[in-house]
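The values are calculated or read from the model by the stated rules, or taken from the named source; none is laboratory data. This is a predicted model, so every value here is computed, not measured. Every residue, glycine among them, receives a Cβ derived from its backbone with ideal geometry; neighbour counts consider all protein chains shown. For accessibility, only protein heavy atoms count, side chains too; no ligands or nucleic acids. Shrake-Rupley method; radii C 1.70, N 1.55, O 1.52, S 1.80 Å.
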Amino acid sequence: MKKITLILLLIISVFYCSNAFAKNITVTGVGITEAEATNDALRNAVETAVGVLVDSTTIVDKNMVLEDKIYAHSRGFINQYSIINKQKMADAWKIMINAEVDLNPNSKLMNELTKYGLIDHILRNPKIAVIINEKNRRYYNQGSAAEIALTNAFIEAGFENMVDISQERIKYNNPFNLNADELHTLASSMQADILIVGNAFSEYVGDVGKFLPKRKVTGTLSCRAQVEAKMYFARNGKIIASDTKNASAVDISESVASKKALTAAGNKMGELLSSKLLEFASGNRQPMQLVVISTGYDKLNVVENALIAVSGVKNVNLNDYTEGKGIFTMHYSGSPKTLFEQLQKHLEYNYNIELKSSSYNELTIVVW
């Protein structure tokens with residue numbers, strides 16, 4: 001299983017911004033003094049940006065955290081701002097500003113939102129729905145081999161929150177050609193953060209013997225398949241990636257060869273699209289701490305090598321080792337749970353590994 005990395009860079013990069021990591025917001029603030037009105041406007045700018053990043057339920061549930069940890073420090077989350085208009089009223093000031101809120105993946109604001117679990121839903125575990133319409137060009141064959149293979153590729157990459165779309169697939173004859181409004185409606189109906197739609201077809205090529213010098217009939221049949229798909233970001237309607245993949249397969253049965261080809265093409269597409277998410281997230285690895293309890297320093301070296309081999313992990317450092325406990329820090333964009341699963345895969349043949357505890361950005365394991 002490859003490691004899911006965090007897709008926050010994806011989320012940030014597709015927002016309607018003045019550049020890849022900043023959001024221009026025009027807001028108004030009110031205060032008794034000009035300075036108070038300006039501070040109120042800066043707070044409103046940050047609150048507006050947070051409202052786009054954080055779902056409404058989380059905002060309500062963690063209102064106190066937002067007030068104390070985010071809004072109270074709004075000025076520190078803004079790159080720059082300009083005053084568009086200011087008005088002195090009878091007993092107050094009213095000021096309109098245009099503020100550039102810093103949404104860089106490694107910015108103070110994003111780290112604070114991550115630290116307090118305010119963007120956990122999309123950041124750590126996006127909901128992904130896959131709808132691939134599948135047909136055979138010689139006969140009716142409404143299957144799902146390509147869709148299953150594509151979905152499994154995402155699961156293998158560590159994306160665990162896949163949406164069951166079995167009831168939705170049959171409603172769309174050509175999901176690849178859905179327009180923006182239809183894609184938005186479909187994603188909303190399934191509460192999906194990422195929607196992947198596409199078409200797949202397979203066709204009979206013939207007996208493989210026809211490709212041999214003597215064109216001898218072998219009884220082994222060949223089929224080829226094509227999958228076209230695009231990946232849609234539901235929050236703002238952007239197409240993240242779009243491509244076509246082809247594959248061929250053989251079998252003594254045409255229908256089985258067709259399924260094999262569709263599966264192979266679907267798997268190629270899944271690997272491509274999941275890697276696109278990893279690429280988008282590659283610059284957004286969040287700080288994480290790994291505590292390793294072991295019987296010897298040599299095991300820490302093994303753990304460190306395993307960490308370096310995990311996709312999405314960067315800047316691994318052993319900060320402390322005292323009385324059988326080592327503390328690693330790193331930048332990592334996946335969840336602690338998935339990091340543990342990846343470490344299991346790297347260590348299971350030679351060592352035992354046990355999960356002791358896990359929190360948002362900290363993982364404690366025992367290795368022996």
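The packing ranking, built from the mean of other Cβ atoms within 10 Å per residue, places the peptides 239-251, 91-103 in the order 91-103, 239-251, highest first.
Taking all Cα pairs closer than 8 Å and separated by 6 or more residues, the relative contact order of segment 22-89 comes to 27 percent. Taking every protein chain into account, the 1.4 Å probe leaves T28 with about 50 Å² of accessible area, to the nearest ten. With N counted as the residues of segment 51-105, its alpha-carbon radius of gyration over 2.2 N^0.38 Å works out to 1.43. In this structure, the pairs whose alpha-carbon distance is over 19 Å, taken from K214/K259; K238/K337; K23/K108; K135/K259; K299/K356; K230/K276, are K214/K259; K238/K337.
For segment 315-368, applying the loop criterion from DSSP together with a ceiling of 11 other beta carbons within 10 Å to the GluC sites (Glu not before Pro) yields E323, E348.
At what distance in angstrom do the alpha carbon centres of segment 78-108 and segment 290-356 lie from each other? Using only Cα atoms to place each centre, the spacing works out to 44 Å. Once divided by 2.2 N^0.38 Å, the Cα radius of gyration of segment 198-253 becomes 1.71. Under unit Cβ charges (Lys, Arg +1; Asp, Glu -1), what dipole magnitude, rounded to 20 debye, does segment 305-363 have relative to its Cα centre? Dipole size: approximately 160 debye.
Does segment 293-368 classify as rounded, prolate or oblate by the C-alpha gyration tensor (a ≥ b ≥ c root eigenvalues; a/c under 1.5 gives rounded; else a/b over b/c gives prolate, otherwise oblate)?
rounded
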